[in-house]
Structures are given as C-alpha cells and as structure tokens.
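Step one of this worksheet: look at the structure below.
Bear in mind that the values in this text are calculations on the coordinates, not laboratory data. Quick caveat: nothing in here was measured; it's all calculated off a predicted structure. With ideal geometry, Cβ positions are generated from the backbone for all residues, glycine too; neighbour counts draw on all protein chains shown.
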Amino acid sequence: MFISSRNRRLRTTPALRALVQQTVLTTSDLVMPLFVMEGKAQQEPVSAMPGVFRRSVDLAVQECRELYDLGIKGVNLYMKIAEDLKDNTGRESWNSDGLMQTTIKAIKDAVPEMVVMPDVALDPYSIYGHDGIVTNGKIDNDATNEALARMSVSLAEAGADVVAPSDMMDGRVAAIRKALEENGFTDVAILSYAAKYASSFYGPFRSALDSAPKENASIPKNKKTYQMDFHNSREAIDEVLKDVEEGADIIMIKPGMPYLDIVSKVREIIDLPIAVFNVSGEYAMLKAAAQNGWLDNDLAIMESLTCIKRAGADMIFTYAAKEAAILLKN
Ligand code: PBG
C-alpha cells in the first residue's frame, strides 16, 4: 500500500514552493499612514510605535518621496491639531489653510504621482476627542455628516485623490459623494471605513494625535455608539452593502489581523476593492515582541501582511509599509 496523495511533494524545494504559491504580496499593495504636525524640519517619535514619527510638513513630503521611490503608491494622512484650534464644530477641518490642506498641497506639488488619501473624521479637531459633533451628550449623526462633507470638499480642493471617512456616521458616504459631485470633484474617490470596530487596538494611534475621547461626565469615553461591536459579524455585511449603495469606491475593514474573518466574508460578497487597516496596536504588539527578541521582526511583518492579503485585501494600510517595501526589494 502507498499513500495516494502526498501534499509534501510540492513543498520539497524553494522553486516548487514558488510555483504553487497562491498569494503574492507586492509593494503596490501597501499604503503608509503618516502623522503630520506643525513646524519645520522637526520630527517626534510616537510612543508605543517604534520607528513611527510625527513629522512637520517638509519632512512628511521628504518621506513621501522616499516611499514613492520604494514603490509605495499611497499615503493616508493624519494631523496633530493644536489644542486652541479644536472645538465642537470641526471648523478647522475645512480651513483651506489648515494643516491637512497645506500637507496635501505640499505632497501633490513634490510627488504628484503619489495617491494622497487624507483621513476624514472630526476627532483630531474635536475638544471632546469624538469623531462627531456633540449635541446634548450624544454624537449628532446628521450634523456631523454636514461637517464631513464640507471637510471632504476642502480636502478635494487641496488636491486629495481619495477621501477616507473613518468616522462611522450613518449616511456619510452619500453626503460626501453628493457634496463632491456638486463641487465638480467627480473623480475624487471615497474609501469608506465601512466595517470599523470599536477597538482597543487604536490606543497608540490616539496617543500619537492626542485624540482619545476626553473624560467628560455627560459624554461616553468610548466610541461604541458609532463604531461597531466586535461581537458582531453579519452586521459588517450590512454596513458594507450600505456604503457600496451610497457610492463608496473602496471598502475598508478595520482593525486587520483579529478581524480577517470579516475580510474574507466581505470578499465573497463584493467586487469593489477592499482595504484592510493593520492598525497601531497590531504594529505595537509586533514591535514590542521583536524588540524583546521574542519574534523575528522581518519574518513577522511579511507573514502578517501576506496573510491579510490572503484573506482578501487588495490594499493594506500599515505602519510597516516602508520596512516591508525594503524587504520586498531585497
Ligand atoms: C479616527 C481614526 C482612528 C484610527 C484611524 N482613524 C482611531 C479611532 O477611531 O479612534 C485608528 C488607526 C490606528 O489605530 O492605526 N477617526
């Protein structure tokens, strides 16, 4: 008797393994999130995210040039807004001379080919650290949508290729699409965070921008009234289908690694491109283990990103994008 089928046969040599490989990660799959702050020629390390910096606009532009030279084709922008510019309207987010607008223009001037995808949400601009306007202790969905639409038009005017609403208000994709069309920005795409969960894995990101929900007796200190409950899976499908119908061009699932079941489920039902966010806490865990010598940094990065792609991602937002691009080159 012999074993009729031996799966190990095709694993015997690197060349054979390469021939039967089913998922290939490429640099074009990667999007780099960047943190930007006021100032010139300055950068500050972000705690809990080794290798990640907040940069002044000039250094962010320089970083974009390096990223593009490495083959990375998209950046996702986040601003650290001065405390005195924060309020409960989000007004600073549509200031045509604001930090985000200035950054977008500077990047498009210097590296016009780079796909610039600014974040659309009010939390960095909010005195409460919430993604929306607060009315009577609640996050006011429809008032927030108006602000997000204004912000999106302003970012399109500054030169954004893609606007990326990450706030989870209901109906905001439709509101943003309508405002973009009415202002002539028919080619500006919407990458919608369609299934974004209320997650503890955003902690390092919030400390990078000082954007965590503030202690305030009458307002919840978490985002559970708008971001999704991590106990739920079918609800993600409903969120995604609604955003597709409202006019989203790309669908985001977030966080990444603990949520790949959601990615693969959504992959089966939609044909639009799917983006997955390998978030700050996932990056922090990997770096902490690598720094302790408990994980091999390079192998763990390549495995994580490839598995996210295997689950169905067309693009991956990751703080390890530059490292991964360098690894892919060598
Ligand atoms: C805010 C926003 C968050 C992230 C991206 N946009 C944090 C939040 O929702 O509280 C998280 C990114 C990360 O953790 O890497 N709208």
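Taking each residue of the range 272-300 that is farther than 17 Å from residue 324 by Cα and of a type in the set (Val, Ile, Thr) and looking for partners that are within 16 Å of the ligand (Cβ to nearest atom) and outside any helix (DSSP H, G or I) with beta-carbon atoms closer than 7 Å, six or more apart or interchain, yields 274/251; 274/253; 274/313. Taken over the range 104-148, the criterion of being assigned to a helix (DSSP H, G or I) and within 16 Å of the ligand (Cβ to nearest atom) is satisfied by 123, 124, 125, 141, 144, 145, 147, 148.
Of 151, 168, all but one fail to be within 14 Å of the ligand (Cβ to nearest atom), crowded, with 24+ Cβ neighbours inside 10 Å, at positive phi and not basic (Lys, Arg); the exception is 168. Restricting attention to the range 240-261, the residues that are assigned to a helix (DSSP H, G or I), closer than 24 Å to residue 161 by Cβ and either touching a helix residue (DSSP H, G or I) at 6+ places or on another chain (Cβ under 7 Å) or within 16 Å of the ligand (Cβ to nearest atom) (or both) add up to 3.
Give the residues of the range 186-205 that are in a strand (DSSP E or B) and either within 14 Å of the chain's Cα centre (by Cα) or within 8 Å of the ligand (Cβ to nearest atom) (or both), sorted by residue number. If the condition is that a residue be in a strand (DSSP E or B) and either within 14 Å of the chain's Cα centre (by Cα) or within 8 Å of the ligand (Cβ to nearest atom) (or both), then 190, 191, 192, 193, 194, 195, 196, 197 are the ones that fit.
Of all residues in the range 211-232, none satisfies being part of a helix (DSSP H, G or I), touching a helix residue (DSSP H, G or I) at 6+ places or on another chain (Cβ under 7 Å) and either among the hydrophobic types (A, V, I, L, M, F, W, C) or closer than 26 Å to residue 32 by Cβ (or both). Kindly indicate the residue of the range 313-330 that is buried (at least 24 other Cβ atoms within 10 Å of the Cβ) and part of a loop (DSSP other than H, G, I, E, B) and also nearest to the ligand (Cβ to nearest atom) among those meeting that condition. Looking at the filtered set, the residue picked out is 319. Selection of the range 262-312 for residues being assigned to a loop (DSSP other than H, G, I, E, B), away from the ligand (no atom under 15 Å from the Cβ), aliphatic (A, V, I, L, M) and within 27 Å of residue 234 (Cβ to Cβ) yields 270, 272.
From the list 81, 72, the lone residue that is of a type in the set (A, V, I, L, M) and within 30 Å of residue 136 (Cβ to Cβ) is 81. Checking the structure you have, find out if any residue of the range 220-232 is more than 16 Å from the ligand (Cβ to nearest atom) and closer than 22 Å to residue 131 by Cα. Looking through the range 220-232, at least one residue is more than 16 Å from the ligand (Cβ to nearest atom) and closer than 22 Å to residue 131 by Cα.
Residues that are hydroxyl-bearing (Ser, Thr, Tyr) and within 21 Å of residue 100 (Cα to Cα) do not occur anywhere in the range 212-223.
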